[in-house]
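Data block below; observations after.
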Amino acid sequence: MKHILTLIAIMACGSSLAQSPSFKPLRYDENYANLGHDTAADWYHQLKFTPLSHNKANYISIGGEVRYQYFRFRNQDWGEAPADKDGFILNRFLAHADLHLGSHFRTFVQLQSSLADGQAETPSPVDQNPLELHQAFMDYAFSTKPGTQLTFRFGRQELSYGSQRLIAVREAPNNRQAFDAAKLMYGNKRLKLDAFYSYYVPARPGIFDDGVNSGTKLWGTYAVINNIPLLQNIDLYYLGFRKKTAVFDDGKGLETRHSVGARVWKTTAPFQYDIEGLYQFGDLAGSVIRAWTASANVSYIFRQAALQPKLGIKTEAISGDKHPGDGRLNTFNPLFPKGAYFGLAALIGPYNLLDIHPYLELSLSKKLLLSTDYDLFWRMNRNDGLYAVNGRILYPAKDGNAKKIGGQLGTELNYTPNKYLSFRQEFTWFMAADYLKQAGPGKNIFMAGTTATLRF
């Protein structure tokens with residue numbers, strides 16, 4: 001108890017180890033080896049770096065996360081879901097141990113517990129997954145030369161690539177996603193190249209029941225090339241996907257799909273951009289797959305102005321099916337995207353969609369960020385339906401002929417007092433347009449969400 005109270009006090013006041021790195025979105029990317037040269041002797045130092053040998057080449061590092069969320073919806077699912085006047089609570093607990101034995105061998109183990117309370121309907125396994133072995137993998141580094149790395153990784157692990165439009169850890173939902181995978185990773189100063197073969201791990205509602213699953217496979221190669229003249233950075237990738245039972249508005253069955261794409265991006269201020277395009281081909285139960293998507297996110301930061309406003313615009317064109325029953329499926333499949341694709345409310349998924357998304361961010365202080373955006377949605381094709389983020393068909397094409405889905409106004413306030421703590425308040429107002437009013441109740445949605453996260 002004394003250590004827990006001390007940990008909270010350290011995090012609340014913002015003190016940290018001078019040489020301790022920031023926490024990463026993928027916790028296995030953190031490296032605490034430099035703490036072996038730190039003379040600090042407090043217990044938190046020992047938690048992050050506990051030497052197991054005299055030369056400190058063998059060590060273990062412990063970390064974790066506690067996250068609480070409260071949501072309140074009005075007219076959830078545009079009036080289809082049961083009314084819930086009290087809202088509901090989600091909480092997630094993550095704990096990991098990272099063992100290094102010399103410069104070549106490493107193993108990483110992480111447990112995850114995701115709990116839901118107060119939902120009007122039975123929580124899905126994405127919200128309620130009491131206790132699971134979320135990650136458990138080993139690394140063997142063939143090369144540890146400065147500036148060059150070649151590592152083989154095997155076991156259950158999180159995968160995340162690029163802008164997370166196709167492969168993400170699914171951070172926003174309560175239960176992060178993982179894969180049983182074998183991966184070979186090469187990296188130097190300008191190039192990072194991964195090749196992998198994996199099985200998706202579906203969330204199940206019990207305890208330690210997210211077993212090995214062969215129903216959904218993902219494989220591919222992903223290359224990131226930095227410091228390119230004019231383009232700055234470029235990603236090139238191929239992804240293969242196979243699912244035993246896939247369901248779209250124009251058919252269902254065994255799906256084999258291949259994605260080939262490229263992304264150019266720049267994150268340094270003041271002018272930033274992220275532009276991506278990809279093409280998909282394959283087959284679904286005998287039907288030929290031909291699908292595509294293109295996206296752009298362009299912004300500019302006025303660094304000399306008060307509040308350093310960041311003005312940007314996002315837009316996406318995502319193919320939908322053109323002619324039902326013609327033996328050709330044109331619906332794009334986003335594979336394993338980030339859960340909150342269009343905000344924390346996660347109302348719509350990236351299928352058969354055209355959206356335009358201007359946004360504004362203001363730095364109220366170094367620790368407080370205010371952002372607001374307005375997203376307009378249309379169906380790309382009238383002959384395809386509206387999908388959820390997980391690919392479930394919300395409304396099929398036959399339920400309406402209008403293209404306009406609606407507009408979504410969002411406001412978000414992020415407060416980060418230190419690297420351990422973060423708080424987020426979000427409000428979303430979705431104004432239903434013609435298609436939603438044709439297909440269902442078509443009521444406007446209001447969502448308020450509060451998130452508090454502690455990492456160590």
Task: For Ile207, solvent-accessible area (1.4 Å; no DNA, RNA or ligand), Å² - done: 110 Å²
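Where nothing but the Cβ of Lys and Arg (+1) and of Asp and Glu (-1) is charged, how large is the charge dipole of the chain around its Cα centre, in debye to the nearest 20? Mind showing how you got there, number by number?
Working: 50 positive and 40 negative charges, 166 e Å.
It works out to roughly 800 debye.
Under a 1.4 angstrom probe, counting protein chains only, how are His45, His258 ranked by accessible area, largest first? Mind showing how you got there, number by number?
Values: His45 10, His258 45 Å².
From most exposed to least exposed: His258, His45.
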- [ ] Could you list the trypsin sites (Lys or Arg not before Pro) in the range 384-456 that lie in coil according to DSSP, counting only those with at most 15 other Cβ atoms within 10 Å of their Cβ?
- [x] Arg392, Lys403, Lys419
Open item on the list: Can you give me the solvent accessible area of Tyr222 with a 1.4 Å probe, rounded to the nearest 10 Å²?
Closed with: 10 Å²
Task: Dipole of the range 164-212 [Lys/Arg +1, Asp/Glu -1 at C-beta], most positive-end residue of Leu193, Ile207, Ala178 - done: Leu193
- [ ] Would you compute, from DSSP H runs of 4+ residues alone, the mean residue ellipticity of the chain at 222 nm, taking -39500 (n - 2.57) per run and dividing by the full residue count, rounded to the nearest 500?
- [x] -1500 deg cm²/dmol
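Which whole-number percent gives the relative contact order of the chain, counting Cα pairs below 8 Å spaced six or more residues apart? Before the final figure, lay out each step's value.
On the way: 1223 pairs, mean separation 53.4, N = 456.
Relative contact order comes out at 12 percent.
If you roll a 1.4 Å probe over the heavy atoms of the protein chains, what accessible area per residue do you get for the range 177-292, in Å²? Provide the component values of the computation, followed by the final result.
On the way: 5480 Å² over 116 residues.
Counting only protein heavy atoms, the per-residue value for the range 177-292 is 47 Å².
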Task: Farthest positive-ward along the chain dipole, Cα basis, beta-carbon charges - from Ala136, Tyr28, Phe332 - done: Tyr28
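Once neighbouring chains are kept in place and the probe is 1.4 Å, which whole percent of the accessible area of the range 216-320 is contributed by carbon and sulfur? Before the final figure, lay out the partial values.
On the way: 3130 of 4950 Å².
Roughly 63 percent, rounded to a whole number.
Just the number, please: carbon plus sulfur as a percent of the accessible area of the range 333-452, 1.4 Å probe, no ligands or DNA/RNA counted. Write down the numbers at each step before the final one.
Details: 2750 of 4780 Å².
Looking at the range 333-452 in its full context, I get 57 percent from C and S.
Measuring with a 1.4 Å probe in the full set of protein chains, what accessible area per residue, in whole Å², belongs to the range 38-110?
Values: 3600 Å² over 73 residues.
Here the per-residue accessible area is 49 Å².
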Task: List Lys189, Lys310, Lys183, ordered by accessible area with a 1.4 Å probe, largest first - done: Lys189, Lys310, Lys183
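What is the magnitude of the charge dipole of the range 310-442 about its Cα centre, with +1 placed on the Cβ of each Lys and Arg, -1 on the Cβ of each Asp and Glu, and no other charges, expressed in debye to the nearest 20?
Details: 16 positive and 12 negative charges, 43 e Å.
So the dipole magnitude of the range 310-442 works out to roughly 200 debye.
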Task: Surface accessible to a 1.4 Å probe, per residue, for the residues of the range 391-456, Å² - done: 43 Å²
Open item on the list: Along the charge dipole of the range 264-353, pointing to its positive end and built from +1/-1 on Cβ of Lys, Arg, Asp and Glu, which listed residue (Gln308, Leu347, Leu278) has its Cα farthest out?
Closed with: Gln308
- [ ] Note down the relative contact order for the range 60-123 as a percent, whole number, built from C-alpha pairs under 8 angstrom at least six residues apart.
- [x] 35 percent
Open item on the list: If I fit a long axis through the Cα atoms of helix 2-13 and take the longest principal axis of the Cα atoms of the chain, what angle between them do I get, 0 to 90°, rounded to 10?
Closed with: 70 degrees
Task: With all protein chains modelled, accessible area of Leu362 [1.4 Å, Å²] - done: 40 Å²
Task: Sparsely packed trypsin sites (Lys or Arg not before Pro) within the range 84-180, loop by DSSP, other Cβ within 10 Å at most 13 - done: Lys85
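The values are calculated or read from the model by the stated rules, or taken from the named source; none is laboratory data. Because the structure is predicted, anything quoted here is derived from the model rather than measured. All Cβ positions, glycine included, derive from the backbone under ideal geometry; neighbour counts span all protein chains shown. To get the accessible areas, we keep the full protein, side chains included, count just its heavy atoms, and leave off ligands, DNA and RNA. Shrake-Rupley method; radii C 1.70, N 1.55, O 1.52, S 1.80 Å.
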